[in-house]
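To start, the structure under review is shown below, and the notes come after it.
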Amino acid sequence: MKIVHLIILLGFSILTQAQNEEVIESFSAEVYNESVLINFRINSGYTCNGIDVLHSTDSVNFGPIYTFEGICGSTTQSIAYEYTHVNPVKNSKNYYRLYLGGPGFSWVINVLVIDLTNSSLVKPNPLISTSELIFENNAFTEHQLVISNMYGQIVFSETTNGNSFILYRNDFVQGVYDYSIIDLEKENRITGRLIVQ
């Protein structure tokens, strides 16, 4: 009996997804000035009573962040909508989906919002194969990366005029490391921690 219910639920989920792909012509999100600009378009011939824009940081637990009130869509033409999420979670993926009432939910989209003002981001961290250490360097000045083990011994050093360093697992033994990114012109320093598996 449980297998039959699972098959019916799975079939309904696939049918709902296909139906929503007919209702929604496009759905996208992009970072703009540390906010997320969300655009979507409802195909002609479809209407709904309100559209909720939902947000999540884990792709599972969504909550509403904005509602387009009233009748949405049109029976004669496709209609575009736009919403700016001004408080996305920084240095993390932000997930979005739409709730269209009767037709159900849209598919899930995501965008990585990076704010590196006086900070840095290692992705992925822990370092398993290859990671990128990203930092802000709008002036393209020379920066030095210094990585030390937990005993304070320097185990890696490199310079760049760009805004990232590529790190390779083969350059380190397993453990926890502290790093500093030093602006060699202004002598500013950004610090962080790297985990190597």
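Regarding the range 55-77, can at least one residue be identified that is within 30 Å of N161 (Cβ to Cβ) and at pLDDT 95 or above?
No, the range 55-77 contains no residue that is within 30 Å of N161 (Cβ to Cβ) and at pLDDT 95 or above.
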**Q.** N138 vs. criteria modelled with pLDDT under 95, in contact with an Asp or Glu (Cβ under 9 Å, 6 or more places away or on another chain) and not aliphatic (A, V, I, L, M)
**A.** no
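Within the range 165-179, take every residue that is surrounded by 17 or more Cβ atoms within 10 Å (Cβ to Cβ) and of a type outside the set (A, V, I, L, M, F, W, C) and give me the one that is farthest from Q144 (Cα to Cα).
The selected residue is Y177.
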Q) Pick from the range 140-197 the residues that are charged (D, E, K, R) and within 27 Å of the chain's Cα centre (by Cα): which of them is farthest from L127 (Cα to Cα)? A) R189
(Q) List the strands (runs of 3 or more DSSP E) inside the range 32-126, counting only whole elements, that have at least 2 residues being closer than 30 Å to G175 by Cα and in contact with a Lys or Arg (Cβ under 9 Å, 6 or more places away or on another chain). (A) 109-113
Q) Can you name the condition, by its number, that R97 falls short on among (1) more than 29 Å from G45 (Cα to Cα); (2) in contact (Cβ under 8 Å) with a residue 24 or more places away in the chain; (3) charged (D, E, K, R)? A) (1)
Q: Mind listing whichever residues of the range 129-158 are more than 22 Å from D115 (Cβ to Cβ), touching a residue at least 24 places away in the same chain (Cβ under 8 Å) and surrounded by 12 or more Cβ atoms within 10 Å (Cβ to Cβ)?
A: E142, Q144, V146, I147, S148, N149
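The values are calculated or read from the model by the stated rules, or taken from the named source; none is laboratory data. All of these numbers come straight from a predicted model, not from anything done at the bench. Methodologically, a virtual Cβ is constructed for each residue, glycine included, from the backbone with ideal geometry; neighbour enumeration extends over all protein chains shown.
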